[in-house]
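Coordinate-derived values only; no laboratory data. Worth saying up front: this structure is predicted, and the values here are computed from it rather than measured. Positions of Cβ are backbone-derived with ideal geometry, glycine not excepted, and every protein chain shown enters the neighbour counts.
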Amino acid sequence: MKRTAWLLLVALLLIGLVPAGCSKQSGKLQVATDATWPPFEFVNTDTKAIEGFDIDVMTAIAEKADLDIEFVNVAWDPLLTGMAQGTYDMAISSITITEDRKKDMLFSDPYFAAGQIVVVGINETKITGPGNLAGVVGAQIGTTGAFEIEKVAAATLKTYDDIGFAFQDLMNGQIVAVVCDNPVALGYVGENPTKLKTAGGTFTDEYYGIAVAKRNADIIAKLNTAIAALKSEGKFDELSDKWL
Ligand code: ARG
């Protein structure tokens, strides 16, 4: 074969080896998740596997949409930065769809409705909801819960990389309240009914979406078709029963 023919062959092989949309060597789409947010995404202490509602949702979507995915466990702050920079292909991590985040990444249609709720110590009498938060209040860094605390003048935000440590500090009396997504809060209250209680009800309306890196715009339609199909098949109800 002539030299040009060889070069053409090599070029064609290279094109075939690099599927559109995946920059990683494994060829799988990397799905980032911060597995510190039970029951949506957390590490099973026995098996060390990442589990939860979101993990099952994403797995079901990938199956429907014929996407080859792998989960990558990344802390919340670098997860958002990584999505903005295109480090990961997608992320499922109880991510509230916000106008601000939409500037940095794309979102699928909503797949879950949640909202913020205040959790206090069992003996707390003064704090009855977000309106009268006062003192040091904990939240995971960069979350919608942290943004709500910042709106309250009498509250001082203390941020955590892992919400589990915020609840630990609350039970030890280091902070006066925690603000986070209601299903997560109810999980911690349910596990510590003699130490924790909710103060008021859910006070924001938020919708979780799957985040997609801007370079992967072609994936959005596939995700939305799969979400719609799974909704009508009752898959989300089944997973809610399993995890929530
Ligand atoms: N829904 C909240 C937000 O988007 C908190 C999500 C935190 N997720 C997590 N896996 N740590 O800000």
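Restricting things to Cα coordinates, could you compute the convex hull volume per residue of region 100-244 in Å³?
Dividing the Cα hull volume of region 100-244 by its residues yields 113 Å³.
Provide the FRET efficiency to the nearest 0.05 for the THR81-PHE203 pair, computing r from the beta carbons and using R0 = 35 Å.
Result of the calculation: an efficiency of 0.80.
Which lysines have a Cα lying under 23 Å from the Cα of LYS242, excluding residues fewer than 8 positions away in the same chain?
Candidates past the 8-residue exclusion: LYS48, LYS64, LYS231.
Can you list the residues of region 154-196 with backbone N under 15 Å from a point 7 Å past the Cα of ILE122, pointing along Cα to Cβ?
Only 170-173, 188-196 fall inside the zone, counting backbone N under 15 Å.
Binned at 5 Å from 0, what are the whole-percent values of the Cα-Cα distance distribution for region 49-120, short to long?
3, 12, 24, 25, 22, 10, 3, 1, 0
How much of the pair distance distribution for the chain lies past 26 Å, counting alpha-carbon pairs only, in percent?
Values: 13049 of 29646 pairs.
The proportion of pairs with Cα distances above 26 Å equals 44 percent.
Restrict the search to region 84-184; then list the trypsin sites (Lys or Arg not before Pro) that DSSP places in a loop and that have at most 13 other Cβ atoms within 10 Å of their Cβ.
LYS103, LYS126, LYS151
Run the helix sum for the chain: -39,500 (n - 2.57) per DSSP H stretch of 4+ residues, divided by residue count, reported at 222 nm to the nearest 500 deg cm²/dmol. Could you put the intermediate results ahead of the total?
Details: 9 runs with 93 residues, N = 244.
Computed mean residue ellipticity for the chain: -11500 deg cm²/dmol.
Return the Rg/Rh ratio of region 16-147 with Cα-based radii and a Kirkwood Rh.
My calculation puts Rg/Rh at 1.04.
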